[in-house]
Amino acid sequence: MQIKKTINEKTYVYDEKFFSGKKSLTINGKQLQLVGKKNFVDSETGEEYSVSGSFIKGITLNTKSEEIVLVKNKWYEWIVIILPIISIGVGLFCGAIGCMLSVLFSLLCAAINATICRSEKIRSAIVKVIIGIVTSAISTSAWFGIYWLIVQAILK
């Protein structure tokens, strides 16, 4: 997942790999050196950047002199991101298998919805909300369908 934002003629690109967790930060095309878990240093100027937040919560870069907000969730983005998490409640009543499947599919869907919300290609908030609702419905249907097949196989 990559977040790109231009502020005051500086282009910030923060990249965090989903599976490996590898992080990188570039400013105006210049790669900064990773120091620590979420801290970066500009080797030329010595300026330190600290990353706070996450892809789902929003990302902010902090320096000694300023705070640079790369991503801040809007109200509808919170709804779209949290919507698939609701199906975990249903999974709690489906035993260990249903709960595991609901958590797996719901978190995957929340990450997909966050990616959709961050997408530059889709500008309309209404379209993002509709896509979020559809992906949540597909995710819930998928885990429940798999759960149902497993239960039917066990009962036979």
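Since every read-out is calculated from the coordinates, none of them should be taken as a lab result. The structure displayed is predicted, hence computed values, not measured ones. Cβ placement follows ideal geometry from the backbone for every residue including glycine, while neighbour counts extend to all protein chains displayed.
Brief remarks follow.
- Rounded if a/c under 1.5, otherwise prolate or oblate - segment 36-122, Cα gyration tensor axes: prolate
- Residue-span extension gain [residue 137 to residue 104] - 0.36 nm each, minus C-alpha spacing: 10.4 nm
- Prolate/oblate/rounded label for the chain (Cα gyration tensor, a/c 1.5): prolate
- Cα shape, segment 2-72, gyration tensor, a/c 1.5 rule: rounded
- Axial C-alpha extent at least 27 Å, average Kyte-Doolittle at least -0.5 - helices from the chain (DSSP): 95-118, 125-155
- Relative contact order computed over the chain (Cα-Cα under 8 Å; 6+ residues apart), in percent: 14
- Net charge of Cβ neighbours under 15 Å - reference residue 12; Lys, Arg +1; Asp, Glu -1: -1
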